[in-house]
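The values are calculated or read from the model by the stated rules, or taken from the named source; none is laboratory data. Predicted model only: the values in this text are computed from it and were never measured. Glycine gets a Cβ as well: all are built from the backbone with ideal geometry, and neighbour counts include every protein chain shown.
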Amino acid sequence: MEEITSLGQELVAKNGQDAAQFRVVIEGTAQTLNPNIHIEISRIAREGLRNAFSHSQARRIETEVAYSNNLFRLRIRDDGKGVDPEVRNRAERVGHWAWPVCVSTRNDWAEN
């Protein structure tokens, strides 16, 4: 998932001194994914990172990639402002943001 790291670094550079801190956390041993799945995961990660850097006003953005025998998990989280409930409720396409399965609007990062 080197492309995730590269994209995050590119977005940090693009945003200059106002950029959020960015890191990638890898859990487990990287496994070879089906090429089609790899492409889709990369697209999802790219969209999530661009949204986080563009809209969240976050100080920290983290991408977690977890591998296990029967699981692959991609989690992009930030400590930003979250999605306005009015925006979320007026999604133009049903399930556009995959509510509530894939997107959490709660802040699960404790302030340090």
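Things to note:
- Residue within the range 6-26 that is polar (S, T, N, Q), within 14 Å of the chain's Cα centre (by Cα), assigned to a loop (DSSP other than H, G, I, E, B) and at negative phi present: no
- Residue match in the range 36-55 (condition: outside any helix (DSSP H, G or I) and either within 14 Å of the chain's Cα centre (by Cα) or not hydroxyl-bearing (Ser, Thr, Tyr) (or both)): no
- Within the span defined as the range 80-103, one or more residues are in a loop (DSSP other than H, G, I, E, B), modelled with pLDDT of 85 or more, surrounded by 10 or more Cβ atoms within 10 Å (Cβ to Cβ) and in contact with a Lys or Arg (Cβ under 9 Å, 6 or more places away or on another chain).
- Single residue of the range 1-19 satisfying the filter (in contact with a helix residue (DSSP H, G or I) (Cβ under 7 Å, 6 or more places away or on another chain) and of a type outside the set (Val, Ile, Thr)) that is surrounded by the most Cβ atoms within 10 Å (Cβ to Cβ): Gly8
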